[in-house]
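A.B. asks: Pasting a structure below so you can have a look.
Each reported figure results from applying straightforward, stated rules to the coordinates on display, with no laboratory input. Note that the structure is a prediction, hence the values are computed from the model and not measured. Counting neighbours? That spans all protein chains shown, and the Cβs are built from the backbone with ideal geometry, glycine included.
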Amino acid sequence: MAVDFDLDLTDLIMSGHLIDIRAAKILIVDDDPLIVDVLSVVLKEGEYQNIFSTGDPYQVIPLYKEHRFDLIILDIQMPGMSGIKILQQLQKVVKSSFLPVVVLTAHGDQKIRKQVLGMGAKDFITKPFEHWEILLRIQNALHASLYHKQQVSLKDLLEGEIQKRTKEILETQFEIVHRLAVAGEMRDNETGAHVQRMSHICSLLSRKRGLGSEFSKLMLYASAMHDVGKIGIPDSILLKSKGLSPEEWLVMQQHPNIGARIIGNHSSKLISLAREIALCHHEKWDGSGYPNGISGNQIPVSARIAAISDVFDALTSDRPYKQAWAIEEVVETLQAESGKHFEPVMVELFLENLAEIIEIKDRYIDHEFHLT
């Protein structure tokens, strides 16, 4: 099989070609032209086909950046810049913990040997050398270098595949949540685009609160299921155009528990967050909410965000039993409920971003359900 030697060996690994170390890119760095010639002859005898050389130590880094050599045979004692200095520079530019360098020198000082090996050089060859010895040492160093490249490439390939599968799973979860939210809205269709507006407001407030982009995206989808439990509420109560009786209100107050049961317990961040919101979005900061009467920081931050977003949109929307409130009235109510229904910090954050929230409300005014 013919191999394209213009390819980087990592590309060959990733493309599934059989790796032949004779295709490796090798750079000889030595200011003695005779040594360069001898090494070139030796490497050609070993059938290595991509041999580069330079006597200028200042060209090593530019050459490496261009060719990404699989092995560098580096002389230590050179005028202008020592091999030690080159090793230090290579440590900064080699995008790997593996430094593909074999040091070549006539110097036998043990301290230098210890220094260069400690800096990451993979072998140390002393001049003069036997042809068979340097070929074997180069072969061993190349096997180590290419094996390392192969493992890095395999790791990257596996990580890419894991990320792809994870994305597919998350997209599936998003779609399931989306469909459940649609089902819930179809039972309570007088609210129009309430779910859209509420979800986008939740996502905005999550970002403004500094909870991060991942959490904000999860909130967009998870909060859409806040009222999915209404699926389990009888039409005679859910669709009633007048106020509910005390008995009917007790039934309506069961929808957070019903929603939590529908969503279920799952380790998925999205499903777990959706359940948390469905169960707790009617809890109040002062403990007077339902279904469990928890208060303060016992209420998950996701539910605190959902609570104020839900109430704001409900108050500013027309319903069969009421007309939409003016923004000024709603702001006064939110301020009055700070520390009672709502977390004070959440009220302050909400009002700081009121202009963007109103933009969201004005954007989603039709009955088509779409979260993106």
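A.B. asks: Return the equivalent ellipsoid semi-axes of the range 188-363 as a descending list in whole Å, where each equals the square root of 5 times an eigenvalue of the C-alpha gyration tensor.
C.D. replies: 22, 20, 16
A.B. asks: Could you work out how far helix 213-222 tilts from the main Cα principal axis of the chain, as a 0 to 90 degree angle to the nearest 10?
C.D. replies: Once rounded, the angle reads 40 degrees.
A.B. asks: Follow-up. Picking from Asp31, Asp318, Asp109, which is most flexible by a Gaussian network model of the chain using Cα springs under 10 Å?
C.D. replies: Asp109
A.B. asks: Here is a further query. Let me know the charge dipole size of the range 99-140 about its Cα centre in debye, to the nearest 20, where only the beta-carbon of Lys, Arg (+1) and Asp, Glu (-1) is charged. Walk me through the intermediate numbers first.
C.D. replies: Values: 6 positive and 4 negative charges, 36 e Å.
Around 180 debye, computed over the range 99-140.
A.B. asks: Test of the criteria: in the range 294-368, which GluC sites (Glu not before Pro) are in a DSSP loop and have at most 14 other Cβ atoms within 10 angstrom of their Cβ?
C.D. replies: Values: sites: Glu328, Glu329, Glu332, Glu337, Glu348, Glu352, Glu356, Glu359, Glu368; in loops: Glu337, Glu368.
Hits after loop and neighbour filter: Glu368.
A.B. asks: Of the cross-linked pairs Lys167/Lys284; Lys167/Lys208; Lys25/Lys127, which ones have a Cα-Cα span greater than 30 Å in the structure shown?
C.D. replies: Details: Lys167/Lys284 35 Å; Lys167/Lys208 25 Å; Lys25/Lys127 23 Å.
Where the Cα-Cα span goes over 30 Å, the pairs concerned are Lys167/Lys284.
A.B. asks: Cross-link partners among aspartates and glutamates for Lys240, C-alpha distance below 18 Å, same-chain residues fewer than 8 apart left out?
C.D. replies: Glu185, Asp188, Glu190, Asp227, Glu248, Asp318
A.B. asks: Rounded to the nearest 20 Debye, what is the dipole magnitude of the range 14-103 about its Cα centre when Lys and Arg each give +1 and Asp and Glu each give -1 at the C-beta? Each step should come with its number before you reach the end.
C.D. replies: On the way: 8 positive and 11 negative charges, 105 e Å.
With only Lys, Arg, Asp and Glu charged at Cβ, the dipole is about 500 debye.
A.B. asks: Tally Lys/Arg at +1 and Asp/Glu at -1 over every other residue whose Cβ is under 11 Å from the Cβ of Val347; what's the total?
C.D. replies: Values: positive: Arg304, Lys340; negative: Glu337, Glu343, Glu348, Glu352.
Charge balance near Val347 sits at -2.
A.B. asks: Helix-only estimate, please: 222 nm mean residue ellipticity of the chain, summing -39500 (n - 2.57) across DSSP H runs of length 4 or more and dividing by its residues, to the nearest 500. Present the calculation step by step, with values, prior to reporting the outcome.
C.D. replies: Working: 16 runs with 206 residues, N = 372.
Calculated from helices alone, the mean residue ellipticity at 222 nm is -17500 deg cm²/dmol.
A.B. asks: Taking the structure as given and computing Rg and Dmax of the Cα atoms in Å, which label from [x] 18.9, 56; [y] 34.0, 102; [z] 21.2, 72 fits?
C.D. replies: Correct label is [y].
A.B. asks: Can you tell me, using C-alpha contacts under 8 Å and at least 6 residues apart, the relative contact order of the range 188-363 as a whole percent?
C.D. replies: It comes to 22 percent, rounded to a whole number.
A.B. asks: Something else now. With charges set only on the Cβ (+1 for Lys and Arg, -1 for Asp and Glu), what does the dipole of the chain come to about its Cα centre, in debye to the nearest 20? If you can, show how the numbers build up before the last one.
C.D. replies: On the way: 39 positive and 51 negative charges, 172 e Å.
Computed about the Cα centre, the dipole is about 820 debye.
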